[in-house]
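Below is one structure, written out as structure tokens; the observations come after it.
The values are calculated or read from the model by the stated rules, or taken from the named source; none is laboratory data. Keep in mind it's a predicted model, so treat the numbers as computed, not measured. In this analysis, Cβ positions are derived from the backbone assuming ideal geometry, glycine residues included, and neighbour counts consider all displayed protein chains. When the accessible area is computed, the model is the full protein with side chains, heavy atoms only, and any ligands, DNA or RNA have been set aside. Shrake-Rupley method; radii C 1.70, N 1.55, O 1.52, S 1.80 Å.
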Amino acid sequence: MPKRAREIENPWIHGGLAVIVACLLLLLSFQVPLIRHAVDGVSLLLRIPEYPALYLRSRTIRFYGWIESGEELQRRMEALEKENLLLRTSLARYTLYRNDQDASSTSLSSEVLSARVLARHPAGWWDEIKIDAGSAQKVVPGCPVLHKGILVGRVHQVSRFDAWVRLVTSRNFSIPVTVEDTRDLGVLTGNGEGEVLLQYIPEERVLPLHSSVVTALLDESFPPGIPVGLLGERRAAFGGFRSYTILPGAPLSRLYRVQVMIGGKTQ
Amino acid sequence: MKWCLLLWYLQDVLQIFGEDYLFAPELFLGAVFLLMSSGKYDHPGLIWLSFLGGVLWDARWTGLIGMTAGTYSVLATFFSFFWSSMPDTGRNKLTFFTFLLGCHIIIGVIRSVLVLPFQDATWMFFLRQQALGLPLIYMITRAAFPRDGMYGAS
């Protein structure tokens, strides 16, 4: 083979040329609008052979979307059913409690008011939240505040259109509660650091873990039977009494909307 | 040539399905290597074919015309040189598989670095490409050496 022909057949020459053309194209693709038209043209042209794949892909995506939306709807329905059940239970217990009270001394109306959380200061993150319901909506100090039927705090300061709610995690929060399974009574309070505690349980009593803790009948301002959470770990005894942690039933660090139970006898 | 067309199309289809999750395995380059190793086609023509396939790929997917074309051309040239300089005894299934896999990894890395923003998810695209590409590369190797054992004709 002649030398010139061999050179033409040399892959290095062709490879080098191809790379140079590729680099030129790459440079042009940043600057020449015609390249963009070429890209669009290729996409348009390939649309025909790609059609079955594109069609199948869109169908698959739609199918998965349909499954996911179904699951999402199912989850939401379950959450709403649970919330509905809790509210019904709370309402029934509240009504029962209300009937036992002296009608003349108690303002009775079992309304549940929905309120939005307006503010939560970082310095008092576990102490209080501000909600957009106030005395104009019949909110008074002492009203229980719930999240999906679970107690999260109580109103302690009310303005005309807003109110401050003291959370169950606050050191200054304290209400009587009962352990549903054993009927043991104790005092629920917070430690100001995100924990909720059940205090004043006699040292010799051993309570079953994960028992439901609900508000007790002892306090006039709180209807009995409002769920608070589940019994958590046992703490060391002190002075003949022991405390337990409570695993709150409500997401206390993610409160955006709450329900306020208005009416009833408040402090 | 039909192999190149077919595998380019298959690569395109895989990219359509895996657009959000992976880079499609480089089947087209595998087809070019397969034809080069067959000895029936002239290598310069195949180098330009790889360039053309790369241009089409860039026009369809990356938008950076020349990126894939240049990479394919360089790798095809290296393969041509490597395959031509190798003695007959060395041209076996294992060598072909290793070279194709190496090129596949190189293109994957180039795509990861140039096409996507540099973050953890990018490497998942790369890893998925390699994971999906491995059996396909093996199948191309089998097609290139249908009767041979791993180290040559048996």
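Just wondering, is there one or more residues in segment A:130-149 that are at negative phi, touching a His at 6+ places or on another chain (Cβ under 9 Å) and in a strand (DSSP E or B)? Yes, there is a match, as at least one residue in segment A:130-149 is at negative phi, touching a His at 6+ places or on another chain (Cβ under 9 Å) and in a strand (DSSP E or B).
Do you know which residues across segment A:32-65 are of a type in the set (Lys, Arg) and more than 9 Å from chain B (Cβ to nearest Cβ)? Residues satisfying the conditions are A:Arg47, A:Arg59, A:Arg62.
Name the one entry in B:Ala24, B:Ala31 that is assigned to a helix (DSSP H, G or I) and either more than 9 Å from chain A (Cβ to nearest Cβ) or open to solvent by 20 Å² or more (accessible area, probe 1.4 Å) (or both). Let's see the steps before the verdict.
Details: B:Ala24 fails: assigned to a helix (DSSP H, G or I).
From the options B:Ala24, B:Ala31, the qualifying one is B:Ala31.
When each of A:Val187, A:Val158 is tested for being open to solvent by 10 Å² or more (accessible area, probe 1.4 Å) and in contact with a helix residue (DSSP H, G or I) (Cβ under 8 Å, 6 or more places away or on another chain), the lone residue that passes is A:Val158.
Please tell me if B:Trp48 is among the aromatic types (Phe, Trp, Tyr) and more than 8 Å from chain A (Cβ to nearest Cβ). Talk me through it step by step, then tell me what you get.
Values: among the aromatic types (Phe, Trp, Tyr): yes; more than 8 Å from chain A (Cβ to nearest Cβ): no.
No; evaluated as a whole, the condition is false for this residue.
Only one of the numbered conditions (1) under 20 Å from A:Glu83 (Cβ atoms); (2) open to solvent by less than 20 Å² (accessible area, probe 1.4 Å) is violated by A:Glu180, and that is (2).
The single residue among B:Ala24, B:Ala31 that is touching a helix residue (DSSP H, G or I) at 6+ places or on another chain (Cβ under 7 Å), at pLDDT 90 or above, of a type in the set (A, V, I, L, M, F, W, C) and closer than 26 Å to A:Ile13 by Cα turns out to be B:Ala31.
Among the residues of segment A:178-200, which ones are hydrophobic (A, V, I, L, M, F, W, C) and under 24 Å from the mean Cα position of the chain (by Cα)? Before you say what the answer is, go through the steps one by one.
Just the residues of segment A:178-200 that are hydrophobic (A, V, I, L, M, F, W, C), to begin with: A:179, A:185, A:187-188, A:196-198.
Scanning segment A:178-200 gives A:Leu188, A:Val196, A:Leu197, A:Leu198.
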